[in-house]
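Right, one structure below, let's go through it.
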Amino acid sequence: MNKIVVRYADGGIQKGFTSDFSPNRAMFHLTHKSDQKTEVVYVNRLKAVFIVKEFDGNPNYREASDFDDSQQVYGAKLRVHFSDGEKMVGVGMGYNPNKIGFFMTPCDPDSNTIRAFVVHEFIDHIEKL
């Protein structure tokens, strides 16, 4: 089971677990962390799905916004600008503009996010670094 935080395009957030998320499917199941109820989540309504270490993380931690020169990365270094103004810097994997989204691994190895599935519809633009 993956521990996830789901961010909706309308600003809503849900936290829970999933075992059936796939980048090739239009929906998956989310079991809520609070009450263990399961619901169907439709990917086209999302900004991103964050696979996380902890649900709340450290609110005082400021994530690095650039790569360390000593980091070896395999994939495209990207800065994603979401349509709500948020930015994410990391390595993109499986980018294809004809698909619903793609995975990113944050540039900060100490980030609470292990990786994220970013939904194309909610992206304003992408910079290659």
The one condition residue 73 fails out of (1) touching a helix residue (DSSP H, G or I) at 6+ places or on another chain (Cβ under 7 Å); (2) farther than 21 Å from residue 8 by Cβ is (1)
Can you name the number of the only condition in (1) under 21 Å from residue 3 (Cβ atoms); (2) touching a strand residue (DSSP E or B) at 6+ places or on another chain (Cβ under 8 Å) that residue 128 fails? (1)
Which residues, taken from segment 65-114, are within 22 Å of residue 46 (Cβ to Cβ) and of a type in the set (Phe, Trp, Tyr)? 82, 95, 102, 103
Please tell me if residue 92 is under 21 Å from residue 23 (Cβ atoms), in contact with a Leu (Cβ under 7 Å, 6 or more places away or on another chain) and at pLDDT below 95. yes
Could you tell me whether residue 97 is more than 13 Å from the chain's Cα centre (by Cα) and farther than 25 Å from residue 26 by Cα? no
Selection from segment 102-112 of residues that are at pLDDT below 95 and either of a type in the set (Phe, Trp, Tyr) or in contact with a Phe, Trp or Tyr (Cβ under 8 Å, 6 or more places away or on another chain) (or both): 107, 110
Among the residues of segment 6-15, how many are assigned to a loop (DSSP other than H, G, I, E, B), without any contact (Cβ under 8 Å) to a residue 60 or more places away in the chain and within 15 Å of the chain's Cα centre (by Cα)? 1
Could you please give the count of residues in segment 45-77 that are of a type in the set (S, T, N, Q) and closer than 18 Å to residue 127 by Cβ? 2
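The values are calculated or read from the model by the stated rules, or taken from the named source; none is laboratory data. This one's a predicted model, so the numbers in the text were calculated from it and none came from an experiment. FYI the Cβ positions are ideal-geometry reconstructions off the backbone, even for glycines, and counts take in every protein chain you see.
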